[in-house]
1. Can you compute the FRET efficiency between T145 and A409 using 1/(1 + (r/R0)^6), with r the Cβ-Cβ distance and R0 = 51 Å? Round to the nearest 0.05.
2. So what's the gap between the Cα centers of the range 252-272 and the range 189-217, to the nearest angstrom?
3. For a test of the definition: using alpha carbon positions, the gyration tensor, and the 1.5 limit on a/c, classify the range 330-379 as rounded, prolate or oblate.
4. So what are the ³J(HN,Hα) numbers for the range 334-345, from phi and the Karplus equation (6.51, -1.76, 1.60; θ = phi - 60°), rounded to whole Hz, Gly and Pro as x?
5. Once both labels are modelled 7 Å past Cα along the beta-carbon direction, what's the Y171-A263 spacing in nm?
6. Quick one: if the Förster radius is 25 Å, what FRET efficiency do T207 and R22 give, using the C-beta to C-beta distance and rounding to 0.05?
7. Go through the range 93-102 residue by residue and turn each phi into a ³J(HN,Hα) via Karplus (6.51, -1.76, 1.60, θ = phi - 60°); whole Hz please, and just put x for glycine and proline.
8. Packing-wise, with mean Cβ within 10 Å as the measure, how do 21-34, 361-374 rank, highest first?
Amino acid sequence: MSIQALSTESIDPLADGWRRPRGPRSGYRVDAWVALALAAGTALSLMLTRSAGIMDEAPWWLAALWVVLIALPLAARRRWPEAVALVVSLVFGVFGSMGVSDPLFSSICLYVAIYSVGAWSHHRTVARWTRLGIIASMFVWLFWTLLEHANQATAIPELSREGFFSPYAAYGLLQVLINLVYFWAAYHFGDTAWQAARRADALEARTRELAAERERTATQAVTLERVRIARELHDVVAHHVSLMGVQAGAARRILDRDPAAAARAITVIEESARTAVEELHTMLGALRADENDCDGTQPAHQSTSTRGVDQLAELALETTNAGLSVRVQVIGDPRPVPGTIGLSLYRIAQEALTNTRKHAGAGATAEVRLRYEADAVELEVTDTGRGARPAGGPGSGLGQRGMRERIAAVGGSLELANRPRGGYLVRARVPLASPRPGVPSERGSTEHDRNEHDMSAGTQT
């Protein structure tokens, strides 16, 4: 691609500095064939005009020169439109004054030359003044010719000059009107062609931008989907494998002295493994869905997972069976929660309880509190462990990073902190899109409840 083409593409087609591309080389070949065709038509028209006796007898070489100069320069009309228009108009006027002309093809050549300035010129101000100068010169020549012939009885003798509006005056007015329409059409349609090319180039540029944007969006969507899948896999595998590890260790230690308890632990392992496999199948089913199921028609509030805030009690029971006592408390009037928000809160609670089993130590308990506020839903997971943990910075581990990513994806906020008198706090709050009208905000009372709960739990520890 040439440097000129690159500079043309870099300019916005709707900006003032846009230049119409010259097009492929095939366009120059078309212009050359058009020029040859007009030259042949001009030569034929000139021969017929001379045979009819309309044109004064002129040397054949002068007629041949006229044909060459009036038509062949049009082969370069795309590359140098202003120069071609000036040459053609000058030849038209000079040779016409010498009596070498034809009534048809010479006018077509002049029309194409003026049209090409409007259609192809890269300098719009120069193009405008070039055409206006040519048109003004042609009208001056027309008026001069009409006035000169008005005083010559031998020029068009069949038209009388007598009277206020003589036949010759009507003839002159007709010539003026014809030329007005002729030059207006050449000027107007040249500009129209340039504007059409500009709009077409702008449309192509917007199409390229949209295609590039689609590619970027598709790449981002793939990246986000990979992050989501990795987050889901981490949450499912980390929770259930950790649970199975704890139960397997407990079963191994009590297998000889308490076979019944060992059997219960193995049952928990079996149930946890089955649940993990079911969730993995759910995710894999979503990944393998065909394009008709993944074309963006699924509402944003729905999710491919069956987990949500309604399953928090099951999660607490499962964790309690694994050896960590968990109590669930629901505050406020339950209300529908979008699937993506419910899944995010469930996974955060699952990760928080998994971390509690890992770090809280023996004898610790946990509490899950779900608050329904007027304009938000809040999840709070606390434990009574004695071991301090990092407060959830970016390098704290994949679990806490996953929680932050989940809550950010649904537009919520997350708080991870060590409690003043021991234990750990995970608090996630997500605004709801459609708050219930007429319900007062519960943030003041719930804030007091949170502080009171934290103090009492710290005292118990």
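All of the numbers you see were taken from the coordinates with simple rules; none came from a lab. All values reported here derive from a predicted model rather than from experimental measurement. Using ideal geometry, Cβ is built from the backbone for each residue, glycine included, and neighbour counts are taken over all protein chains shown.
1. Numbers: r = 81 Å, r/R0 = 1.58.
The value I calculate is 0.05.
2. After rounding, the separation between the Cα centres reads 70 Å.
3. Numbers: a/c = 4.09, a/b = 1.94, b/c = 2.12.
In terms of gyration-tensor shape, oblate.
4. With the stated coefficients, the range 334-345 comes to x, 9, x, 10, x, x, 5, 5, x, 5, 4, 5 Hz.
5. 12.7
6. Working: r = 21 Å, r/R0 = 0.84.
Using R0 = 25 Å, I get an efficiency of 0.75.
7. x, 5, 5, x, 5, 8, x, 9, 6, 9
8. Working: 21-34: 13.2, 361-374: 18.4.
The packing order, highest mean first, is 361-374, 21-34.
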